[in-house]
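A quick write-up on the structure given underneath.
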Amino acid sequence: MTSAPRPTTDLSAADARRIALRAQGFLGAPDRRGGVRGVLRHLGAVQLDTISVLARSHELIPYARLGAVPRKTVEDAYWTTTPAGTSPARPHAFEYWSHAACILPVEEWPHFAFRRRAYRARPHWNHDLPDGTYDQVIKQLHTEGPLTSTELGGAKRTSEWWDWSGAKVAVERALMYGEVVCVERRGWKRVYDLAERAIPQELLHDELDDTECLRRLVALAGQSLGVGTRADIADYHRLKGEQVDAVIADSGLVPVTVEGWSKPAWADPAALATPPRGRHRTTLLSPFDSLVWERARTERIFGFTHRLEAYVPKPKRIHGYFAMPVLAGGRLVGRVDPAREGRTLVAKQVTLDGAKAVPSVAQALVEAASWVDCTDVRVERVDAPELRAPLARELVRLLA
């Protein structure tokens, strides 16, 4: 790790928290004119995940910032190209490996050239690939147009989730290399197309060297975080610490100190230019929300330990399968593990940070229920039994 320049600004812990909230779209009035696409460009990446409880994570991200955006509107915003009759058709987003599998603004295609080059340089990639399969998949896409892996010949050889067919291995390898791109999900399946056909010509290049790519992604991470440590910034697009070190001095971010943070920090100068003010969002957060991606950062900023327990054996779960943090007043005030039974949103387990959190958690539950077309909310378990009755009363009041 290189030594950082002398910080020019000292931030209190509260300042840093508010800067982070504004940078992530949770403080102040959101720019509704930009809608879902505006949220995507503001965040720089929206994580995808297979789990769907209330909704899939990429739907929960704009909901948490904009409110009850219809779910079809969310999907259309990500995957629909420019209006019919416009030439050439232009996608607004593509899917690639960033923090994880993420939806990314199409304008950032050139800045992931460093990652595509790194994948191409690998001699092997997990699964064996029969001779000729890669070329056959590319030829089929060229001839038939955009296809799912099923349409390419099947995704799996057996029922085992990991046992991909040759066509699936080939098209996923082509996706990583950048010869193929996903600019649409259809029924949750990736739709693959040739990058040369799907990506706008002015963006379809790998001309930027690694330094230029990394500088852009470090700058974007800093803007999306507002303020962060080296580890925070690296984690956003899953860069290595030394990659951040190599470019951060030229990224436009400025060194700062933050009260209570033991490591040096960097901030977006635009975030420092005006004090963060405005209305705080009250909402349920996806466990995959970029506000809480990095556990150490979440603990440092909010004093909140966040862990997804979906992959933890059930007897060892503490907060539930898909426990969603509750954001209110700029703080994380509890968790809800939700489910749906018909038109009832079921809070299988609720954790509250004291009695003061009751109104906010109730509000978040009722608003989420309305968004997913539920008319009732039922609470099954509250970790603090004495708060169960107050929460039930508040829910009755809000649902009346």
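Data overview
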| item | result |
| --- | --- |
| Cα long-axis angle, helix 166-177 against the chain (0 to 90 degrees, to the nearest 10) | 80 |
| Percent carbon-and-sulfur accessible area, the chain, ignoring ligands, DNA and RNA, probe 1.4 Å | 51 |
| Residue-averaged [θ]222 nm for the chain, counting only DSSP H segments that reach four residues, each worth -39500 (n - 2.57) | -10500 deg cm²/dmol |
| Full-extension gain in nm, ARG238 to GLU386, via 0.36 nm per residue minus C-alpha separation | 49.1 nm |
| Rounded to whole Hz, the Karplus (6.51, -1.76, 1.60) HN-Hα couplings of region 325-336, x for glycine and proline | x, 9, 9, 7, x, x, 9, 8, 10, x, 9, 9 |
| C-alpha long axis of helix 388-399 to longest principal axis of the chain, angle in ° | 70 |
| In Hz, Karplus ³J(HN,Hα) per residue of region 196-202 (6.51, -1.76, 1.60; θ = phi - 60°; x = Gly, Pro) | 5, 9, 8, 8, x, 4, 5 |
| The chain, relative contact order [Cα under 8 Å, separation at least 6], % | 18 |
| Surface accessible to a 1.4 Å probe, per residue, for the residues of the chain, Å² | 46 |
| All lysines inside 16 Å of LYS139 as judged from Cα atoms, apart from same-chain residues fewer than 8 positions distant | LYS168 |
| FRET efficiency estimate (nearest 0.05) - Cβ-Cβ, ASP10 to LEU194, R0 51 angstrom | 0.50 |
| Under 5 Å, built H, 5+ apart or other chain: amide partners of LEU27 | ARG22 |
| GNM result for the chain, Cα springs below 10 Å: residue of ALA20, ALA101, ALA355 fluctuating most strongly | ALA355 |
| Estimated dipole of the chain in Debye, rounded to 20 [Cβ of Lys and Arg +1, of Asp and Glu -1, Cα centre] | 1240 |
| Label-point separation, ASP131 to ALA270 (7 Å along Cα→Cβ), nm | 5.4 |
| Potential extension, ALA100-THR305 segment - 0.36 nm per residue separation minus Cα distance | 71.7 nm |
| Low-density loop positions, GluC sites (Glu not before Pro), region 295-400 - DSSP coil, at most 16 other Cβ in 10 Å | GLU380 |
| Amide H within-cut-off set for LEU48, under 5 Å, with H built and near neighbours excluded | ALA101, CYS102, ILE103 |
| Charge dipole (debye, nearest 20) of region 330-400; +1 at Cβ of Lys and Arg, -1 at Cβ of Asp and Glu | 80 |
| Environment charge of GLN47, counting only residues whose C-beta is closer than 14 Å and scoring Lys/Arg +1, Asp/Glu -1 | -3 |
| Fully extended contour minus Cα-Cα distance, from ASP209 to ASP373, at 0.36 nm per residue | 54.2 nm |
| Cα gyration tensor shape for region 228-304, rounded if a/c is under 1.5, else prolate or oblate | oblate |
| Angle in degrees between helix 210-225 and the longest Cα principal axis of the chain, rounded to the nearest 10 | 20 |
| Shape category assigned to region 187-235 from the gyration tensor of Cα positions, a/c cut at 1.5 | oblate |
| Accessible surface, 1.4 Å probe, highest first, among residues ILE233, ILE138 | ILE138, ILE233 |
| Listed candidates (1) 18.9; (2) 23.7; (3) 21.8 - label of the one calculated as mean projected area of the Cα convex hull in nm² | (3) |
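The values are calculated or read from the model by the stated rules, or taken from the named source; none is laboratory data. What you are looking at is a predicted structure, and each value in this text was computed from that prediction instead of being measured. Every residue, glycine as well, gets a Cβ built from its backbone with ideal geometry; the counts of neighbours run over all protein chains shown. Areas reflect the complete protein model, heavy atoms only, side chains present, ligands, DNA and RNA absent. Shrake-Rupley method; radii C 1.70, N 1.55, O 1.52, S 1.80 Å.
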